[in-house]
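Undergrad: What follows is a structure written as structure tokens; I'll ask about it next.
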Amino acid sequence: MNGADGMMPHDALKQQPVPCPPFFGACCLDGLKTEHIIPYLNLPHLAKAHWGFSQFDAYAQTVLDQLIQEDQDKKILVPKAVYGYFSCQSEADDLIIYADHVSREILCRFNFPRQSKGNRLCLTDYFRSTQSGDRDVVALQLVTSGQGISDYAKTLFERAYYQAYFYWYGLSAAFTAALSEYVHRRIRIELGFSAEEPAQMDAVFQHRYRGARFSLGYSACPELHDQEKILMLLKADRIGVTLSEADELVPESSTSAIVVSHPQAHWFFIQD
């Protein structure tokens, strides 16, 4: 993909058909249940990164089964999600979000950093520009496992049930990531990319699907204050998600993302 000067041909990146979303604006996902999300758990990552095991073995499965049973009895995890599609255009390193696909009313702008070396990538490179005259589509998503899991974990810690706290705290992080994968997959299918969808979850965990999902706080989109824009666009109060004074999502077990559907989109890093 690199040109003769070693840089990404950014204009060529934009020459892809614009996906056709089923709607514009934000939509709540109703009726989510824990059992819908469990298949999206990255079990090896849960075991190693969150529980400190060497692998997801029979013992780890026993721990997970016990937590799932406890959740069924007490309804600790309460998955909720809102996502949406928005008309947009890029303008240099800004992504402009419009009120709808024909309106000129600008709802907000996101500004993203650009790599200073190599391919000089910026998230805006994956969207049609104002100069093109064409509109593009960006998807946004916000998920939460609810306040209940934070309250339950706090209670376990205060009562010195440290092992149970450790397992539940790890599961809450992994479950929220699984919920994010669940919604992202729905977005890909709704945009018409089901033929490119991996057949196995292992491939999903390796991001071998079309496009990429970028969460705020990472180097490609580091501005946490932009959470306020995402929550505004998605009407996040409908699922009980707010922002702290430090621009952190509340409840803690929540995460948002900007979903880029361009087939060449991938994770990249901005180095100082």
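Residues checked against (1) of a type in the set (S, T, N, Q); (2) modelled with pLDDT of 95 or more; (3) over 25 Å from Gln16 (Cβ atoms); (4) not in a loop (DSSP other than H, G, I, E, B):
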position: Ala220; (1), (2), (3), (4): no, yes, no, no
position: Arg238; (1), (2), (3), (4): no, yes, yes, yes
position: Gln264; (1), (2), (3), (4): yes, no, no, no
position: Ile270; (1), (2), (3), (4): no, no, no, no
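Undergrad: Can you go through Gly118, Gly148, Gly84 and tell me which one is in contact (Cβ under 8 Å) with a residue 24 or more places away in the chain and touching a strand residue (DSSP E or B) at 6+ places or on another chain (Cβ under 8 Å)?
TA: Answer to the check: Gly84.
Undergrad: Same structure again: Suppose the filter is on the phi < 0 side of the Ramachandran plot, not small (Gly, Ala, Ser) and not in a loop (DSSP other than H, G, I, E, B); does Arg188 pass it?
TA: Taking the combined requirement at face value, the residue satisfies it.
Residues are listed down the side, and each one gets a yes or a no for (1) within 18 Å of the chain's Cα centre (by Cα); (2) more than 21 Å from Pro21 (Cβ to Cβ); (3) surrounded by 15 or more Cβ atoms within 10 Å (Cβ to Cβ):
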position: Trp168; (1), (2), (3): no, yes, yes
position: Phe175; (1), (2), (3): yes, yes, yes
position: Glu181; (1), (2), (3): yes, no, yes
position: Gly211; (1), (2), (3): yes, no, yes
position: His225; (1), (2), (3): yes, yes, no
position: Ser261; (1), (2), (3): yes, no, yes
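Undergrad: Would region 186-203 turn up any residue that is among the polar types (S, T, N, Q) and either closer than 21 Å to Ala49 by Cα or within 12 Å of the chain's Cα centre (by Cα) (or both)?
TA: Checked against the condition, which is being among the polar types (S, T, N, Q) and either closer than 21 Å to Ala49 by Cα or within 12 Å of the chain's Cα centre (by Cα) (or both), region 186-203 yields no hits at all.
Undergrad: Is it true that Ala139 is touching a Gly at 6+ places or on another chain (Cβ under 8 Å) and touching a residue at least 40 places away in the same chain (Cβ under 8 Å)?
TA: yes
Table: residues versus (1) closer than 26 Å to Ser254 by Cα; (2) more than 19 Å from the chain's Cα centre (by Cα); (3) of a type in the set (Phe, Trp, Tyr).
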| residue | (1), (2), (3) |
| --- | --- |
| Phe53 | yes, yes, yes |
| Val63 | yes, yes, no |
| Leu121 | no, yes, no |
| Ser132 | no, yes, no |
| Val138 | yes, no, no |
| Gly148 | yes, yes, no |
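Undergrad: Name the residue that is surrounded by the fewest Cβ atoms within 10 Å (Cβ to Cβ), counting only residues in region 130-162 that are in a helix (DSSP H, G or I) and touching a Pro at 6+ places or on another chain (Cβ under 7 Å).
TA: Per the criteria, the residue is Gln147.
Undergrad: Does any residue in region 38-64 that is of a type in the set (Ser, Thr, Tyr) come within less than 6 Å, Cβ to Cβ, of a residue that is part of a helix (DSSP H, G or I) six or more places away or on a different chain, and which pairs are these?
TA: Close Cβ pairs satisfying both conditions: Tyr40/Ala178; Tyr40/Glu181; Tyr40/Tyr182.
Undergrad: Within region 105-129, which residues are in a helix (DSSP H, G or I), under 11 Å from Gln89 (Cα atoms) and of a type outside the set (S, T, N, Q)?
TA: Correct list: Asp125, Tyr126.
Undergrad: Only one of these is of a type in the set (A, V, I, L, M), out of contact with any strand residue (DSSP E or B) (no Cβ under 7 Å at 6 or more places or on another chain) and either modelled with pLDDT under 95 or on the phi > 0 side of the Ramachandran plot (or both): Ala164, Ala177, Ala160. Name it.
TA: Answer to the selection: Ala160.
Undergrad: Let me ask something else about it. Can Phe53 be described as farther than 19 Å from Ser172 by Cα and either surrounded by 12 or more Cβ atoms within 10 Å (Cβ to Cβ) or in contact with a Gly (Cβ under 8 Å, 6 or more places away or on another chain) (or both)?
TA: no
Undergrad: Is it the case that region 167-178 has a residue that's of a type outside the set (Ser, Thr, Tyr) and free of Cβ contacts under 8 Å to residues at least 60 places away in the same chain?
TA: No: zero hits.
The values are calculated or read from the model by the stated rules, or taken from the named source; none is laboratory data. Note that this is a predicted model, so its numbers are computed, not measured. Virtual Cβ from ideal backbone geometry, glycine too; neighbours counted across all protein chains shown.
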